[in-house]
Every structure is written in structure tokens, then in C-alpha cells.
Amino acid sequence: MKRTVITIDHDKCNGCGLCIPGCPEGAIKIIDGKARLVSDLLCDGLGACLGRCPENAISVEEREAGDYDERKVMANIAVQGANTIGAHLAHLEAHGQSAYLAQAMAYLKENGIPIPAQAKPPGCPGSRATAFEKTQHSAPAGGGESQLTHWPIQLRLVSPRAAHYRGCDLLLAADCSAFASGAFHGVYLKGRKLAIACPKLDGDQDVYVEKITALIDDAGIKSLTVLIMPVPCCEGLLRMAQKAAAQAARKIHINCLVVGIDGTPRASSGSEV
């Protein structure tokens, strides 16, 4: 099958090893002075190691590769101790990989390995699920008050298991919509939780469909509002939401709102999927 995995340019690699701690699956080792992907089965393709390479020798590609095997990953990292296990579990949590997380937990339980009480996700702190309270002083002079209550918001980074998504009304907004509409926070986002995506520029849209499905089924969101613009690429965001809702076990209402490139509201529609 074809799927996304990392690839390492050995001509660029200087063997520094900085990529190794950035791989929560332990899939990279230094062999003969070069970083090597030891097995396709250990690479989840999410690219947590990419930003660690000073030579830009690591990239992701779609190619024929064996299925990622979470149980083999756990067997690979279990001997490295609680910190490594915790980092891997946090990595799965931060990327919303609920199925793999369940497999990892099952492996630990079956083998009598304690589950770390706390874990810090590796890589960029900006991908860690965070909720925050709004204050009276959150807006600069002359600006409207932000209605954002959580982070991250990019759909690839959000975790459907994050507490702030449970039972919420969700706004799935096209990336450009917030810049086009001055009413974005006060009208569209107020009272809702947010996820953003661009179906034209973001790759691997199947991941997005899986995330939206998990938000419907696992997070139990109450409603889904899709905010798009009247351009062909934005229609893809609505189609992804409809596809996710169609394959989800729960029924959910999808409301589509359209804002013009000049910021004016356009026709909207709603449907039970």
C-alpha cells in the first residue's frame, strides 16, 4: 500500500543524531555514520523529526510501505523507560491518533508495563492542547475581543481527545475566512470551538476526514459549522466535513456559512447528516 513515511537524504545527512530524540517511535538510528529509518513499520509519517535536522536531510514522501505497526513501536521503545513511553503517548495524543493510542495502552497493560502518569509531548510546544480563560483586557486598544479559547487550531494539530472539544459547537473555518471577515470573532467564532484548514494547500486530506469523524464520534461535538469562501478550493472543506459526517456513527447537524472575499455574508445552508 502507499502511505506517507519519512525519507532521509544520506548525501545531506552528517550523522549528528539530532533527529533521534525527535522521533517518538524510535524509528531512526545512526548506522555507519548516517541516520537511517530502521523500518517502515515504525514510522507513522507525521514528521515529528523534520524540524530537528540542521541539514534538511529529512522529508516525507508517499510511497509503497508496510503498514505502521503500533505494537511493534511499543516493543521497540518499551525498554527505553517511562520517559520515552510517555513522550510517545503524548505524541499520539497531540496528533489525535486515538486508534494507535488505544493499541499502545493495550500493549502496556498486556505486558504489565506501568503507564506514565504525566507526559510532555516532544517537538513544538505550539502543538500542545491548551485551553485558556478570556479576560477583560485581552483586546488591544481599538481592536475587538478575541473569542478564541484554546490551542492549537490547525486541524492537523488538534486532538479530538482534548477536553475543550467535548460536547462543543465546532466551527471548521477555511484559513482565509478570518482575514476576509471583520466579524469573524464576534459573529462566527463566539460560543464555538475552532479548527481551521485549507483543502487546497494542506496535503493528505484523509487525515482531516479522520479528525473530523473523531470529533463527531469521540468528542461528541453537538454541531458543526463550516465557514468557507465562494471559491472552488473552499468547497473541498465542506465536502470533507460531509464525508466525515457520513461515515461517523453519530448523526450531526452541519451548517455551511459563506463569506465573500470582501467580507460580506453570502447564502448559507444546513443539513442533518
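Brief remarks on what is shown
- Ala48 buried (at least 20 other Cβ atoms within 10 Å of the Cβ) and over 23 Å from the mean Cα position of the chain (by Cα): no
- Listing of helices (runs of 4 or more DSSP H) fully contained in the range 174-266 that carry 2 or more residues being farther than 27 Å from Ser146 by Cα and touching a Ser or Thr at 6+ places or on another chain (Cβ under 9 Å): 232-247
- For the range 58-102, a residue qualifies if it is crowded, with 20+ Cβ neighbours inside 10 Å and either not assigned by TED's automatic domain parsing to the domain that holds Asn14 or not in a helix (DSSP H, G or I) (or both), and the qualifying residues are Ile58, Tyr68, His95, Gly96, Gln97.
- Count - residues of the range 1-57 that are within 23 Å of Ala75 (Cα to Cα) and in a helix (DSSP H, G or I): 6
The values are calculated or read from the model by the stated rules, or taken from the named source; none is laboratory data. In this text, all values refer to a predicted model and were calculated from it rather than measured experimentally. Cβ: placed from backbone, ideal geometry, glycine included. Neighbour counts: every protein chain shown.
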